[in-house]
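Here's the structure, in structure tokens; my notes come after.
Derivation of every value follows stated rules applied to the coordinates shown; laboratory data play no part. Everything quoted here is computed from the prediction, not taken from an experiment. Backbone-built Cβ (ideal geometry, glycine too); neighbour counts: all protein chains shown.
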């Protein structure tokens with residue numbers, strides 16, 4: 001089992017957050033996290049990469065336990081998880097290559113390894129010819145593909161995609177979703193939060209619905 005949540009609760013004091021979630025996620029699984037805006041999808045994802053820690057209950061992610069994890073261990077955990085946001089979060093004055101290379105630079109890889117790995121990943125997402133362009137000059141769909149490349153360049157065991165198609169037109173959204181499906185087919189687990197039901201209606205991936213901070217399998 002990759003992730004196990006036990007009575008997981010996060011209180012923000014404003015009625016939002018998540019409460020009493022019991023759930024597990026398996027290695028290599030593609031899970032769709034569904035529900036309206038404000039239902040707690042993003043909060044659950046933040047707990048998974050330990051941007052926030054539970055108020056009550058706990059979460060185990062492989063060897064990491066939220067009850068006793070240190071700040072240094074949180075950094076190690078995040079190196080093994082790829083994260084894709086709705087608003088891309090690229091550094092727009094850096095090139096496509098530099099944005100994708102950043103996680104490898106931060107973990108001290110050699111220039112040769114960085115160059116080889118980034119070129120392979122950019123080719124996989126169909127952006128090798130744009131490697132020199134500034135990220136700010138790209139379309140929304142291209143930016144999200146750069147964000148996907150950045151998320152997978154470090155070979156994560158899990159990719160978290162938080163409304164990755166929310167700001168995209170239908171064609172770009174479909175391209176992004178197909179890339180996530182390809183990533184999963186190669187063995188990486190994916191948890192994707194979305195309210196784009198048309199995009200996923202013909203898939204048989206596991207679906208979990210969230211409402212008012214609680215979670216249930218459909």
*Pulled fully out, how much extra length does the chain show between residue 68 and residue 209, if you take 0.36 nm times their separation in residues and subtract their Cα-Cα distance?*
47.9 nm
*So what's the angle, to the nearest 10 degrees on a 0 to 90 scale, between helix 96-106 and the longest Cα principal axis of the chain?*
60 degrees
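Ratio of the stretch 1-128's C-alpha Rg to 2.2 N^0.38 Å, to two decimals? The partial results should precede the final answer.
On the way: Rg = 17.1 Å, N = 128, 2.2 N^0.38 = 13.9 Å.
Here the Cα radius of gyration is 1.23 times the empirical estimate.
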*asked:* How high is the relative contact order of the chain? Use alpha-carbon pairs under 8 Å, at least six apart in sequence, and give a whole percent.
replied: 30 percent
*Pick from 153, 100, 120: which is most flexible by mean-square fluctuation in a GNM of the chain where alpha carbon atoms under 10 Å apart are linked?*
120
*asked:* Explain nothing, just the number: relative contact order of the stretch 129-218, from Cα pairs under 8 Å at least 6 residues apart, as a whole percent.
replied: 25 percent
*For residue 116 paired with residue 22, estimate the spin-label separation in nm (one decimal), with each label point 7 Å from Cα along the Cα-to-Cβ line.*
4.8 nm
_Test of understanding: in a Gaussian network model of the chain with alpha carbons linked when under 10 Å, which of 126, 140, 108 would top the mean-square fluctuation ranking?_
108
_How much of the pair distance distribution for the chain lies past 32 Å, counting alpha-carbon pairs only, in percent?_
17 percent
*Would you calculate, for the chain, the mean residue ellipticity at 222 nm contributed by helices, counting each DSSP H stretch of 4 or more residues as -39,500 (n - 2.57) and dividing by all residues, to the nearest 500?*
-10500 deg cm²/dmol
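Per residue, how much space in cubic angstrom lies within the convex hull of the C-alpha atoms of the stretch 174-218?
88 Å³
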*Cα-Cα pairs of the stretch 42-112 separated by more than 14 Å (percent)*: 66 percent
